[in-house]
Amino acid sequence: ELVAVSVLTQGLVLALDSSASVDRSEFQLQLDGLATAFRDPDVSQAVENLKPLGIAVAVVQWGGPGETRVVLPFEFLGSARDAKAFGFRASLIRRWMRATSTAIATAIQESTALIETNGYEGFRKIIDISGDGPDNSDVDLEAARAAARAAGITINGLPIMADDEGLATYYESSVIAGAEAFTEPARDFDDYARAIKEKLLKELRPLGS
């Protein structure tokens, strides 16, 4: 059960692509990269620097409509030790399904709902979408983005360009949204670990910086 924390630096949902185009080894590279990033000295120090406010982080896996699942619920990170412990828990995540399609819109909708209904309140609210392809669902992506923006949420993107060199451009135009939104492209799944670390270092910054 979550303990309500009145004010945080930010709430962050990390949404990992589990769609049909991502094979087992590629998905594992996402998990390994995420776990390694939170145990990295630079990232753990960035979390330490958020004192006294801290950050709440959750991880979801997403694919087609109805296939989003929270695999690490929101957890308060207030120190470097907390960040490293979160990295360890991330290393234990297992893929719960191989989804049918790539519904970025659903990932945004479900992540928005997660931020809006959890017990934490942050000055910044961020959704990180990692994915290896464009949305191919029937869900309205622009409406999902607009709803997130209306809720004061920023959507950042980590396009994995293993099969689509133009994916970063698509993410820039059709996925990211909100204040100070940005993309951190990965050349391929092997480059994910570098990209997620760089992305987190940009996001884990004290207020006013």
Between the range 51-108 and the range 170-187, how far is it from one alpha carbon centroid to the other, in angstrom? 19
Starting from 0.36 nm per residue, how many nanometres of slack lie between Glu172 and Arg149 once their C-alpha separation is accounted for? 6.8 nm
J(HN,Hα) series, the range 91-97, from Karplus relation 6.51 cos²θ - 1.76 cosθ + 1.60, nearest Hz, glycine and proline x: 5, 8, 5, 10, 5, 8, 6
Using r as the Cβ-Cβ distance of Asp42 and Ala179, and R0 as 22 Å, what FRET efficiency do you calculate, to the nearest 0.05? 0.35
Angle between the Cα long axis of helix 141-150 and the longest principal axis of the chain, 0 to 90 degrees, nearest 10? 20
About the Cα centre of the range 117-184, how large is the charge dipole given +1 on each Lys and Arg Cβ and -1 on each Asp and Glu Cβ? Please answer in debye to the nearest 20. 460
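So, for the range 161-200, what is the accessible surface per residue at a probe of 1.4 Å, expressed in square angstrom? Can you show the working numbers first?
On the way: 1880 Å² over 40 residues.
That works out to 47 Å² for each residue.
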In 5 Å bins starting at 0, how do the alpha-carbon pair distances of the range 97-200 split up by percent? 2, 13, 23, 24, 20, 12, 4, 0
Report, to one decimal in Å, the Kirkwood hydrodynamic radius for the range 74-151 based on all distinct Cα pairs. 14.7
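On average, how much accessible surface per residue is there in the range 8-152, in Å², for a 1.4 Å probe, leaving out ligands, DNA and RNA? Walk me through the numbers on the way to the answer.
Numbers: 5710 Å² over 145 residues.
On a per-residue basis, the range 8-152 sits at 39 Å².
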With no solvent and one equal point scatterer per Cα, compute the Debye intensity ratio I(q)/I(0) for the chain at 0.11 Å⁻¹ and report its log10, rounded to two decimals. -0.44
Two-decimal ratio, the range 55-98, of alpha-carbon radius of gyration to 2.2 N^0.38 Å: 1.29
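Order Lys84, Lys125 by their accessible area, 1.4 angstrom probe, all chains in place, largest first.
Working: Lys84 100, Lys125 35 Å².
Most to least solvent-accessible, the answer reads Lys84, Lys125.
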Probe radius 1.4 Å, ligands and nucleic acids ignored: give me the carbon and sulfur share of the accessible area of the chain as a rounded percent. 51
Could you check the simple spin-label distance between Thr117 and Arg69, using points 7 Å along Cα→Cβ, in nm with one decimal? 1.7
Compute the acute angle (0 to 90°) between the alpha-carbon long axis of helix 24-39 and the principal axis of greatest extent of the alpha-carbon atoms of the chain; round to the nearest 10°. 20
Loop-only GluC sites (Glu not before Pro) in the range 141-209, please: DSSP not H, G, I, E or B, and at most 13 other Cβ atoms within 10 Å. Glu165, Glu180
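The values are calculated or read from the model by the stated rules, or taken from the named source; none is laboratory data. Everything numeric here is computed off the predicted structure, so don't read it as measured data. Here the Cβ is made from the backbone with ideal geometry for all residues, glycine too, and neighbour counts use every protein chain on show. Ligands, DNA and RNA are stripped out before the accessible areas are found, and what is left, the full protein with its side chains, is counted by its heavy atoms. Shrake-Rupley method; radii C 1.70, N 1.55, O 1.52, S 1.80 Å.
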